[in-house]
Amino acid sequence: MTIQWFPGHMAKARREVTEKLKLVDIIFELVDARLPQSSRNPMIDEIIQHKPRLVILNKADMADQYRTNEWLAYFADKGIKAVAVNAHQGTGLKSIMSGAQEVLKDKIDKMKARGIKPRAIRAMIVGIPNVGKSTLINRLAGKNIAKTGNMPGVTKAQQWIKVGKELELLDTPGILWPKFEDQEVGYKLAVTGAIKDTILNLHDIAIYGLHFLEEAYPSRLKERYDLEEIPEEIVEAFDRIGAKRGCLAGRGLVDYDKTAELIIRDIRTEKFGRLTFERPNESDDV
Ligand code: G4P
C-alpha cells in the first residue's frame, strides 16, 4: 500500500506515536540494514525524546555483512544499542530481547534494588513503511497478526502481544514518514524497494543503481553485466545490458523500460549479492 504523506498525515502519525510512548518502556526503531540512515524517520529523536530505544537493523540477510558490522559499531560509538536481524527468517530475534534488557539494565536493577519484581518489558516497533515492522511483529508473535491498514490513522483496539515471559509488544507499529528532502535518499529508498511506487523516474533509479554499483561493488557489476565502468553516455550502458540480458523491443532494439526494470529487480533480488547503500561516516547526523 502506498502512503501519501501529507502534512496532516505526518502530524497524525507523530501524534499516534507520541501517545503510545506513554505505554511502553522502550522503542524498537526498525530500519533497513541496507540503508540504516536513509531509512530512519528524520524526526525520530525529537519524537521519541528520551525514551530508551533499541535500533534494529532489519533485512540484515540482504545487507553487506561487513558494512552491517560497521553500522553496529557506529551506533555503539554513539551510545545507541543496535542489533541486526532478519525478521523474514526469524534470525537474530534473541538479540532483540537481550538488547532491550541491556538498554533498560539500570532501570531494571533499580527496581530490583527496591525489591520490586520486574514485570515484562513493554515495547513498540516504530519505523518508516516497508522496513519489516509487520513481519517482525508476526515473527515475535509466532502467528499472523492481521495487518489493519498499514496507514497512520487507521486505528483499532490496541493489544499486547506476549513474547515469552519477558517482553510485551504493542500489536500495531508506529508508522512514520521517510526523509523526502534529499534526492539521494529518495533514490536509495526507491532502488531497495523501500518506496515502491515512486515519483522518481524508473530510468533515473536504475542509473542511480548502476553508478552505486560502479562505485561500491565494481567487481560484481563486471561479473553480471560485463561492464568495467558505466559509459559516460548512459544509453550505451542500457544498450549493452539490455542486449546481454535480452530486454529487447523487437528488430534488435533494446527496450529501455524493461532494462531499467531488470537493473532494479537485479539489485532488489540480490543478483549482485548483499548490498549496503551507505556507510556510517557519510554523514554524521544519526
Ligand atoms: P512494514 O510493516 O514495515 O511496512 O513492512 P513489511 O513487514 O510489510 O515488510 C516489507 C517487505 O519486506 C515484505 O516483502 C517483507 O517480506 C520483507 N521483509 C521484512 N523483513 C525482512 C527481512 O528481514 N529480510 C528480507 N529479505 N525481507 C524482509 P514484500 O515483498 O513487500 O511482501 P511479501 O513478499 O513478504 O508478501
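The values are calculated or read from the model by the stated rules, or taken from the named source; none is laboratory data. The model shown is predicted, which means the values in this text are computed figures rather than measured ones. Ideal geometry is used to build each Cβ from the backbone, glycine not excepted, and the neighbour counts take in all protein chains shown.
Tabulated results
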{"read-out": "Residue check for residue 49: surrounded by fewer than 22 Cβ atoms within 10 Å (Cβ to Cβ), under 13 Å from residue 194 (Cβ atoms) and away from the ligand (no atom under 16 Å from the Cβ)", "value": "no"}
{"read-out": "Any hit, the stretch 103-116, residues being in contact with a helix residue (DSSP H, G or I) (Cβ under 6 Å, 6 or more places away or on another chain) and at pLDDT 95 or above", "value": "no"}
{"read-out": "Inter-residue pairs, beta-carbon under 7 Å, first without any contact (Cβ under 8 Å) to a residue 40 or more places away in the chain and farther than 23 Å from residue 105 by Cα and in the stretch 50-61, second near the ligand (Cβ under 7 Å from one of its atoms) and of a type outside the set (Ser, Thr, Tyr), 6+ apart", "value": "60/85; 60/86"}
{"read-out": "Unmet requirement for residue 40, which otherwise passes all of (1) touching a Phe, Trp or Tyr at 6+ places or on another chain (Cβ under 9 Å); (2) under 20 Å from residue 185 (Cβ atoms); (3) not hydroxyl-bearing (Ser, Thr, Tyr)", "value": "(1)"}
{"read-out": "The lone exception for residue 135 - which of (1) modelled with pLDDT under 90; (2) surrounded by 13 or more Cβ atoms within 10 Å (Cβ to Cβ); (3) within 13 Å of the ligand (Cβ to nearest atom) it fails", "value": "(1)"}
{"read-out": "Residues (touching a Gly at 6+ places or on another chain (Cβ under 6 Å) and buried (at least 20 other Cβ atoms within 10 Å of the Cβ)) located in the stretch 1-45", "value": "17, 30"}
{"read-out": "Hits in the stretch 58-72 (condition: of a type in the set (S, T, N, Q) and away from the ligand (no atom under 16 Å from the Cβ))", "value": "69"}
{"read-out": "Qualifying positions in the stretch 227-276 - out of contact with any Asp or Glu (no Cβ under 8 Å at 6 or more places or on another chain) and of a type in the set (Lys, Arg)", "value": "245, 251, 258, 265, 268, 271"}
{"read-out": "Breaking point among (1) at pLDDT 95 or above; (2) of a type in the set (S, T, N, Q); (3) under 21 Å from the mean Cα position of the chain (by Cα), for residue 259", "value": "(3)"}
